[in-house]
Amino acid sequence: MKKNKIKLALTIVGLCLVFSCKDQEQKGNIESLDKDESTFNSEEDLYRPNFHFTPKVGWMNDPNGMFYYNGYYHLYYQHYPDGNKWGPMHWGHAFSTDMVEWKEQPIALFPDEMGYIFSGSAVVDLENTSGFGSGSQVPIIAMFTYHDPKKAEANRMDVESQAIAYSLDEGLTWTKYSENPVIENPGIRDFRDPKVFWSQDYEKWVMILAAHDMVMLYSSKDLKNWELLSEFGGDWNREIGTHGGVWECPDLFPVPVEGSEETKWVLLVSINPGGPNGGSATQYFIGDFDGTKFTMDKEFETVLKKGQDHWLDYGKDNYAGVSFSNVTSKDGGKFYMGWMSNWEYANEVPTETWRSAMTVAREIKVIKDGKSYRLASLPVDEIDYYKEVKYKKENIQINGKTVLINGEKANLSRAAINFIISDFKKNSFTFKLFNKLGDELSFGYNGTDNTYFIDRSKSGKTAFSETFSNKKSIGKQTSKGDKLTGTILLDKTSIELFFDEGSTVMTEIFFPNSPFETLSVETDSKELNLDLLEVNELKLK
Ligand code: FRU
């Protein structure tokens, strides 16, 4: 008996050692990779972003389970750590105190015999409605999709179901619920990406997920038992929105309308393919939620039917983004991040060690537009903390081609540039970023049809995909004023353009053969004036 006890104790010690060694190993990996960064290889040097999150090693797609708690923002993400193309999905993990600087953590969720861990969300269960909490420890509950590759292979319908996991250490480690799945597949092949939120008004959890090319809403009191509430985008209103591809990664949240007492509900739905410039993109709908269903605002529906755009971002590289739970900005705006790639070429982009990055965190706002509404999004204020002004000039008269800034004045691979152009509506202009090797990225405004554009056809490595740069990407100019304000975020491999206070956003990636060093602007107009140009460098390590 005694012997057995000793044996048991030794086994436990042994197991603990094995696990802590494993821990050490994981930590060790991260630390040694940290050190490796000082001995840059060319890929690290040329393409590892300065201020966008990338996994140290391996494949990444959608952001998952983003939440805020106790001073930390958490980002989980679709991850295949053993390869640089999409594969068996895990949830990778990183956290941050400001949504700008992220620190990668050990993997949060591993695939198992029930399948791959597809996209989903996480909520802070403050009242312990789930009963997973113990003592004073607030449980965090993640809800994700199990995708069974064997069933997929066998062409079955019931490939995807919804499951939960809980964390009792603020999101660091997770235990999968023993009675998963919590929602069985109802006979719909694409049935995934649950996004959960707490409805204060109706005192219940509400979840929205994508079901082929519509969304379904469910509710629950305990995050374990779920009841179907309604659907949107299906049979009765299939003419609404874009249905060129499968709907994915929906999100539903309230946002105060800027400058008013009103609150509107925003429904985000990613679609692939069917984006305005090809491939993946995210559409939005604005309306109301009555505890059971989402109804589009009448005016919004009218303008949508007349063909008004409804894209969160017109660039080709912002997909599957959703909001952070348990936090809003001081004005009630929602924080958001997206995956900076496109399924058209995500698996082929020219990096080997890791593949793809996230967008910067943004704040989503609702603005009134006549009788209807629009979304606007801007980088979160937290990014301002890292800015150092390198160059500021007012009243720059543009004649033909004018060089605005070169690499000696500011590093254009870690820059936040603000500009203002008055009287711009009829005047076309083109900004160009270029290097000595002749690579260039152009972007700007076309006054003949009031559109913004990005052209990456000469931006460096483009041949990995036919659709990467065969067309300029176009985004509609929507604001009413005559003055254009713009923010340009430049990293080594990405540009994020926020025009008209974020009313038109364009996000794209690029792979120059050497860093872009010079920014110029050119126009045919005789009267184009840059009222302001302010170039900031972002001081992240
Ligand atoms: C969106 C998506 C999700 C799915 C995940 C799989 O990019 O297709 O619908 O959960 O990626 O990795």
For the modelled label position 7 Å from the Cα of Glu299 along Cα-to-Cβ, which residues of region 254-281 have backbone nitrogen atoms closer than 19 Å? 254-267
Give the residue from Asn411, Pro276, Thr487 lying farthest towards the positive end of the charge dipole for the chain; charges sit on Cβ (+1 for Lys and Arg, -1 for Asp and Glu) and the dipole is referred to the Cα centre. Asn411
Scaled by the rule-of-thumb 2.2 N^0.38 Å, the alpha carbon Rg for region 427-541 gives a ratio of 1.07
Place a point 7 Å from the Cα of Val138 along the Cα-to-Cβ direction; which residues of region 48-82 have their backbone N under 18 Å from it? 65-76
If I model a spin label as a point 7 Å beyond the Cα along the Cα-Cβ vector, how far apart are those points for Asn399 and Asn450 in nm? 3.2 nm
Beta bridges per DSSP with both ends in the chain, % antiparallel, nearest 5: 95 percent
Write down the accessible area per residue of region 385-538 in Å², having rolled a 1.4 Å probe over the full set of protein chains. 41 Å²
At 0.36 nm per residue, and after removing the present C-alpha to C-alpha distance, how many nm does the segment from Asp222 to Ser199 gain when stretched out fully? 7.0 nm
Which percent of the accessible heavy-atom area of region 385-538 goes to carbon and sulfur, probe 1.4 angstrom? 46 percent
The correct pair for region 294-435, radius of gyration to one decimal and Dmax as a whole number, both in Å and from Cα atoms, is 18.9, 53
Using +1 at the C-beta of Lys and Arg and -1 at the C-beta of Asp and Glu, which of Gly502, Trp339, Val322 has the Cα lying farthest in the positive direction of the dipole of the chain? Trp339
Could you state the accessible area per residue of region 194-314 in Å², with a 1.4 Å probe and every protein chain left in place? 38 Å²
Could you check the spin-label model distance between Asp45 and Lys436? Points 7 Å from the Cα along Cα→Cβ, value in nm. 1.3 nm
Divide by every residue of the chain the summed helix terms, -39500 (n - 2.57) for each DSSP H run of at least 4, and state the resulting mean residue ellipticity at 222 nm, rounded to the nearest 500 deg cm²/dmol. -3000 deg cm²/dmol
Using the charge dipole of region 232-311 (Lys, Arg: +1 at Cβ; Asp, Glu: -1 at Cβ; taken about the Cα centre), state which of Gly245, Phe289, Val266 has its Cα farthest towards the positive end. Gly245
Quote the charge dipole size of the chain about the Cα centre in Debye, to the nearest 20; the model charges only the Cβ of Lys and Arg (+1) and of Asp and Glu (-1). 620 debye
In square nanometres and to one decimal, what's the mean projected area of the convex hull around the Cα atoms of region 208-267? 5.7 nm²
Rounded to the nearest 20 debye, dipole of region 385-538 from Cβ charges on Lys, Arg, Asp, Glu: 180 debye
Two-decimal log10 I(q)/I(0) for the chain, as the Debye equation yields it once each C-alpha is a single scatterer, q = 0.07, 0.12, 0.13 Å⁻¹: -0.40, -1.16, -1.36
Given a Förster radius of 35 Å and the C-beta distance between Thr292 and Thr467 as r, what FRET efficiency does 1/(1 + (r/R0)^6) yield to the nearest 0.05? 0.30
Peptides 88-94, 506-512: what's the order by average Cβ count within 10 Å, highest mean first? 506-512, 88-94
Cα axis of helix 2-36 to longest principal axis of the chain: angle in degrees, 0 to 90, nearest 10? 10 degrees
About its Cα centre, region 184-274 carries a charge dipole, from +1 on Lys and Arg Cβ atoms and -1 on Asp and Glu Cβ atoms, whose size in debye to the nearest 20 is 260 debye
Estimated FRET transfer efficiency (Asn128, Ile474; beta-carbon r; R0 56 Å; 0.05): 0.70
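Calculate, for Lys56 and Asp169, the FRET efficiency according to 1/(1 + (r/R0)^6) with r their C-beta to C-beta distance and R0 30 Å; round to the nearest 0.05.
Efficiency computed from Cβ-Cβ geometry: 0.85.
The values are calculated or read from the model by the stated rules, or taken from the named source; none is laboratory data. Just so it is clear, the structure is predicted and the values come from calculations on it, not from any experiment. Neighbour counts run over all protein chains shown; Cβ positions are idealised from the backbone, glycine included. Heads up: the accessible areas ignore ligands, DNA and RNA and are worked out on the full protein's heavy atoms, side chains in. Shrake-Rupley method; radii C 1.70, N 1.55, O 1.52, S 1.80 Å.
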